[in-house]
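> Shown below is the structure under consideration.
The values are calculated or read from the model by the stated rules, or taken from the named source; none is laboratory data. Since the model is a prediction, treat every value here as computed from it, not as a measurement. Cβ sites come from the backbone with ideal geometry, for glycine too, and all protein chains shown count toward neighbours. These accessible areas exclude ligands, DNA and RNA; they are computed on the full protein's heavy atoms, side chains included. Shrake-Rupley method; radii C 1.70, N 1.55, O 1.52, S 1.80 Å.
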Amino acid sequence: MPDRLDRHPKLATSFVGVMSFVVIAATAAAIFGIRWQAEDYEVRLQRELGLRSAQALSQTFNKAIEREWNSLRAVAARTADASTEEMQDFADAVIQAGGQVAWVGFASPDGMIIAGSRGERVGEAADQWNWFKSGFSGETVGTAWTKKQGDESGERFINLSMPVTDENGDTKAVVVYRLRISWVADYMADAASNLAVGAIIRDRKGQTIVDTRGDDHTEELPPRVEGMILAGRPDADRTALQRTDEGHLYAVLPSFTNASMPGFGWTLIVDVHSDSFAEALPDFMRGVNIMIAAVAFGTLLCAALLFRHLTRPFQRLIQTATALADGQVVYPREEQTTRESMLLSAVLARLQTQIQSLRATTR
């Protein structure tokens, strides 16, 4: 009999083994499920951040550019009946306001520059320049261009121009603001840095006007993102999103300037990288893992204590039954832990009484 028993595990061993397997499996499933949910939430959070960032950067850009347009409109309104000397005073005053405007010029209807900041280009012909030809008939935004002369070699600009009209609607002059693209780039870089995202602005010709990602992150955009940029319509009012395998999410917002300004034809691309959450997610998962491990250990410990509490009476009753089988005179202890232990102790007590009676009879 003992040899056969040795080949079978104890109840405590079986219980601990099964319980350990169940707890470990449940813990692994919980960790996997929470990690999957966390990663899914990270993707949704990245998408939400992309949308919000695109909207925030769009509003930031529009607010800055609209100030310049309002300034340009105010200058045009105040110089409708101004003399050439007064136009010159306005041209000199504007460029001292903040540095974003590099040059202000006024051209007469026949295409001659009659006033310019610091007296630059006065007397030159402007009738072949786009800012004059487009600005003669209405408010217009030029394309980005690069100055290749003087000390400012390589600096880029955009022209904002509009007609100066009198009360009868007749065009008296064309006024132009030459904005520094570096100012636009710095303004957007500050806003993008505060949001922990990258911002790229493309003009209608596909030129990159602004890229705040820095020299180390100026790689080409993925083909799908380029396709989204090309597919952007002037009347688009929704931000398109594209997530790449490298963990980037690109939010593409075409024609993002306000309707109160002339159409720039520019596209805003916001780059949200998963590195934005690189520190938060591991810390979160580390805390969750520790919590789940503590719960699993506590569950296993409580189960072991409960098992010991429930099986200890049966172990004592088994010892009593074994002694009775060996012919020893023992009196079973009355167990009251569970109904089953009470019943078994009562049965053993009856067996002990019957054994004693049979012994007395045989004598």
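> Take the Cβ-Cβ distance between A293 and S193 as r, set R0 to 35 Å, and report the resulting FRET efficiency rounded to the nearest 0.05.
Calculated value: 0.35.
> With a sphere of radius 14 Å drawn around the Cβ of R44, what net charge do the other residues whose Cβ falls strictly inside it have (Lys, Arg +1; Asp, Glu -1)?
Charge balance in the 14 Å sphere: -1.
> Solvent-accessible area of E155, probe 1.4 Å, all protein chains present, reported in Å² to the nearest ten, please.
That residue has around 40 Å² of solvent-accessible surface.
> May I pose another question? Which pairs break 26 Å Cα to Cα here: K172/K205; K147/K172; K63/K205?
Violating the 26 Å Cα-Cα cut-off are K172/K205; K147/K172.
> For the range 22-66, rounded, prolate or oblate, judged on the Cα gyration tensor with a ≥ b ≥ c (square roots of eigenvalues), a/c < 1.5 rounded, else prolate if a/b > b/c?
prolate
> For the range 4-142, rounded, prolate or oblate, judged on the Cα gyration tensor with a ≥ b ≥ c (square roots of eigenvalues), a/c < 1.5 rounded, else prolate if a/b > b/c?
prolate
> Quick one: ranking D245, D211, D81, D110 by accessible area, 1.4 Å probe, largest first, what do you get?
The ordering from most to least exposed comes out as D245, D81, D110, D211.
> Heavy atoms of the protein only, probe of 1.4 Å, neighbouring chains included. What is the accessible area of E39 in Å², nearest 10?
Estimated to the nearest 10 Å², E39 gives 80 Å².
> Another one. Can you pull the accessible area of I181 for me, 1.4 Å probe, Å² to the nearest 10?
Here the residue's solvent-accessible area equals roughly 10 Å².
> Based on the alpha-carbon gyration tensor of the range 65-168 and its eigenvalue square roots a ≥ b ≥ c, which shape applies: rounded if a/c is under 1.5, prolate if not and a/b is larger than b/c, or oblate?
rounded
> Which FRET efficiency value, to the nearest 0.05, do you get for A325 and S20 by plugging their Cβ-Cβ distance into 1/(1 + (r/R0)^6) with R0 = 35 Å?
Computed FRET efficiency for A325 and S20: 0.55.
> Two decimals, Cα atoms only, Kirkwood Rh: what is Rg/Rh over the range 154-224?
With Rh from the inverse mean 1/r over Cα pairs, Rg/Rh is 1.17.
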